[in-house]
Amino acid sequence: MSQLIVPQPGIMDIALYEGGQAHVPGRTDAIKLSSNENPFGCSDKAKEALARSVHTLHRYPNTDHAGLRAAIGDVHGLDPDRIICGVGSDEIIHFLCQAYVGPRSEVVFTEHGFLMYRISTMAAGGKPVSVPERERTTDVDAILKACTKNTKLVFLANPNNPTGTMIALAELERLANGLPKGCLLVIDGAYAEYVEGYDGGADLATRLPNVFMTRTFSKIYGLGGLRIGWGYGAREVIDVLNRIRGPFNLSAAQQDAAEAAVRDQDWVARCRDDNTRLRAWLAEALAEKGVPSDTSTANFILARFSSPEEASACDDYLKSEGIIVRRVAGYNLPHCLRITVGDEPSCRRVAHLIGVFKAGGA
């Protein structure tokens, strides 16, 4: 009889992360609006860089991501030595928990925050602490109240997923200044590029040693399939994270595509403008059909229904019509559906079908 191999305490208590559904059984024409992907894809320059990378697939990639970090620094006006790159911002989040969280540590995040905050905390043996939001918006005072001498990290997505709401930079700075000594504020800027003139917390992370920012190439840059992210903060934090980062965590193809993508800011601006226009149209169209939503600053709408049962029934109807959106009961929002802002035909299609459902025609 073989010896039972037992994982570390708490690992089996972690609920598996479930991404947005991608397929509807029996349909090949489904429209996916469940994962907040850029409906316009990535920059042609990123595609060209990826195509060129096939000629060097036999070579190991650069281990320090120097070219990509330099490009990010150049575009955003940041010190490349204070940047770390990872397999999506998820890996950076995991690094932070692995480096700073232990069995007696606490990690604070909001009740509707990204599920990976809880998962990475528990994987490191820490205690996840969820705090209430105010009308689906971050409550800085509630976060500060929840912090203790054992709080090591505070994760805050701004804009938040799946609510789409955000708080002002002044509130982020007030939060950072009010944290206990030895606690790091991590501003998750996955959707920062969708907000005109917003730096994602970069200035705060430059000025304040207890602020760290994470970003991703998976959203507005349209490179979700390549899994590339980055983080920015104090050199001391970067040095710590690099000690646990795998030496070849990003392939040469990932680095080349991301470098080309970040330098094509014309594409980013075009995608942001189209998203802003279509997001406003979709929110208004749904409101007219009796489905309200908070003002979103990201690339999705959090549609609110009268009950969890109505939200589930609407989701079932949309799937039957070939539209995939995201149920968010796992984010403590069972009466809501998160709907990615797609291209114009997709937005018009989903708004029409929700109207049919609300009118009783489903």
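Observations, loosely collected:
- Length-normalised contact order for the range 44-264 - Cα pairs under 8 Å, 6+ apart - percent: 30 percent
- Three-way shape label, the range 319-362, alpha-carbon gyration tensor, a/c 1.5: oblate
- Among beta bridges identified by DSSP and lying wholly in the range 162-282, the antiparallel ones come to about 50 percent.
- D by Stokes-Einstein for the range 216-274, Kirkwood Rh over Cα pairs, 25 °C, 0.890 mPa s: 189 µm²/s.
- Each Lys or Arg adds one and each Asp or Glu takes one away; over the other residues whose Cβ falls under 13 Å from the Cβ of residue 136, this sums to -2.
- Segment residue 277-residue 104, extension gain: residue separation times 0.36 nm, minus the distance between their alpha carbons: 57.6 nm
- Put the Cα centre of the range 268-313 next to the Cα centre of the range 45-88 and the gap is 34 Å.
- Applying a DSSP loop filter and a limit of 12 other Cβ atoms within 10 Å to the GluC sites (Glu not before Pro) in the range 159-230 leaves 196.
- Cα-based reach from residue 289 at 22 Å (exclusive), listing lysines while leaving out same-chain residues under 8 positions away: 32, 319, 358
- Computed [θ] at 222 nm, deg cm²/dmol, the chain (DSSP H ≥ 4; -39,500 (n - 2.57); rounded to nearest 500): -11500 deg cm²/dmol
- Ranked by the mean number of other Cβ atoms within 10 Å per residue, highest first, peptides 259-270, 213-224 order as 213-224, 259-270.
- Extension gain for residue 21-residue 52 works out to 8.0 nm (0.36 nm per residue, less the C-alpha to C-alpha distance).
- Among 137-147, 298-308, the peptide with the highest mean count of other Cβ atoms within 10 Å heads the list, and the full ranking is 298-308, 137-147.
- Share, in percent, of DSSP beta bridges within the chain that are antiparallel, nearest 5: 45 percent
- With the highest mean first, a sort of the peptides 42-52, 180-190 on other beta-carbon atoms found within 10 angstrom per residue produces 180-190, 42-52.
- The shape of the range 112-183 comes out oblate: with a ≥ b ≥ c from the C-alpha gyration tensor, a/c is at least 1.5 while a/b does not beat b/c.
- When the Cα gyration tensor is reduced to axis lengths a ≥ b ≥ c, the ratio a/c is 1.5 or higher for the range 193-236, and with a/b not above b/c it is classed as oblate.
- Electrostatic bookkeeping for residue 293 treats Lys and Arg as +1 and Asp and Glu as -1; over the other residues with beta carbon under 11 Å from its beta carbon, the sum is +2.
Readers should treat all values here as calculations from the given coordinates under stated rules, not as data from a laboratory. On a predicted model such as this, the values are computed, not experimentally measured, just so you know. Ideal geometry is used to build each Cβ from the backbone, glycine not excepted, and the neighbour counts take in all protein chains shown.
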